[in-house]
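**Student:** My structure is below; once you've seen it, I'll send some questions.
The values are calculated or read from the model by the stated rules, or taken from the named source; none is laboratory data. Values in this document were obtained by computation on a predicted structure and should not be read as measured data. Note that we place each Cβ from the backbone using ideal geometry, even for glycine, and neighbour counts take in every protein chain shown.
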Amino acid sequence: MEIPKITFALSAFKQVKQTVDDLQKELHDTSEAITTLEAEMIALPKLRAPFEDLKQGVLDLVGAAGERYANQHFKAQIISFATGGMMDNAGVNWLSEYDEVGRPLRLGTLDGAVNGTRSKEARAQFITPAKPVFDDLALYALFGDAVKAALTAAMQDMTPDDFGYSKINPDEIGPTRAELNRILGSKQAEIEALSARKKELLTLLGELGVKVNSRMEKAADAKKKGN
């Protein structure tokens, strides 16, 4: 083989080798970055809530729990009453002999329930059905703003010590929930971008006939599980 051709082949080989080395390094760095980000996403929610955010969380819970309760129970109980499925306080169905469960109430039954002549226990217990005591969640659903106002007043003079902050180290306290969700969303976006790039690198290396070192992938997985 002529010297120029050998020289050209060696030069091309070195270029390919350098490209492979560069791609493998980027793949390794990308895998490490993904592992680090995933570990951070697991660790962040384990931090303590800041004092003010914890108090706000109490109020947010009232609103969210009330809304969930209303969605889960109110509609079902309204339907139950309107179709004859609601029992009286003694657990007895108060329908007339002409009514059928699952079908709209007859006029006489509805009127009797409203004016109390059907049965003294024929009352529409929409809020806390079949419960001997009032359910706080139902109260939240109906009067959430009033409840939150009362809780806000109650927490006005409360201190971090009341919530146990004196028992933890300051570095255990994390960001606010809003900041946490923003950070987690940002890290998730980074992971998705890195994962896409990792897929591209694996494809490029495969086209160059290079088998990715499985030990590198296993090491990254082991590090991830260790966290």
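**Student:** Taking region 19-63 only, how many residues are outside any helix (DSSP H, G or I) and either in contact with a strand residue (DSSP E or B) (Cβ under 6 Å, 6 or more places away or on another chain) or surrounded by fewer than 17 Cβ atoms within 10 Å (Cβ to Cβ) (or both)?
**Tutor:** Adding up the residues that qualify gives 3.
Listed here are the residues, each with its yes/no results for (1) assigned to a helix (DSSP H, G or I); (2) touching a helix residue (DSSP H, G or I) at 6+ places or on another chain (Cβ under 8 Å); (3) over 18 Å from GLN56 (Cα atoms); (4) at pLDDT 90 or above.
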position	(1), (2), (3), (4)
ARG182	yes, no, no, yes
LYS187	yes, yes, yes, yes
ILE191	yes, yes, yes, yes
SER195	yes, yes, yes, yes
LYS198	yes, yes, yes, yes
VAL212	no, yes, yes, no
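**Student:** Report yes if ASN71 is in contact with a strand residue (DSSP E or B) (Cβ under 6 Å, 6 or more places away or on another chain) and either surrounded by fewer than 17 Cβ atoms within 10 Å (Cβ to Cβ) or modelled with pLDDT under 75 (or both), otherwise no.
**Tutor:** Details: in contact with a strand residue (DSSP E or B) (Cβ under 6 Å, 6 or more places away or on another chain): no; either surrounded by fewer than 17 Cβ atoms within 10 Å (Cβ to Cβ) or modelled with pLDDT under 75 (or both): yes.
For ASN71, the condition - in contact with a strand residue (DSSP E or B) (Cβ under 6 Å, 6 or more places away or on another chain) and either surrounded by fewer than 17 Cβ atoms within 10 Å (Cβ to Cβ) or modelled with pLDDT under 75 (or both) - is not met.
**Student:** Also: Considering region 57-67 alone, what residues qualify as being in contact (Cβ under 8 Å) with a residue 12 or more places away in the chain and not aliphatic (A, V, I, L, M)?
**Tutor:** Initially, region 57-67 is screened for residues in contact (Cβ under 8 Å) with a residue 12 or more places away in the chain, giving 57-59, 62-63, 65-67.
Scanning region 57-67 gives GLY57, GLY63, GLY66, GLU67.
**Student:** Another question, then. Please go through region 164-178 and give me each residue that is outside any loop (DSSP other than H, G, I, E, B) and crowded, with 16+ Cβ neighbours inside 10 Å, ordered by number. Can you show your working first?
**Tutor:** To start, the set of residues in region 164-178 that are outside any loop (DSSP other than H, G, I, E, B) comprises 165-167, 170-173, 177-178.
The answer is TYR165, ILE173, ARG177.
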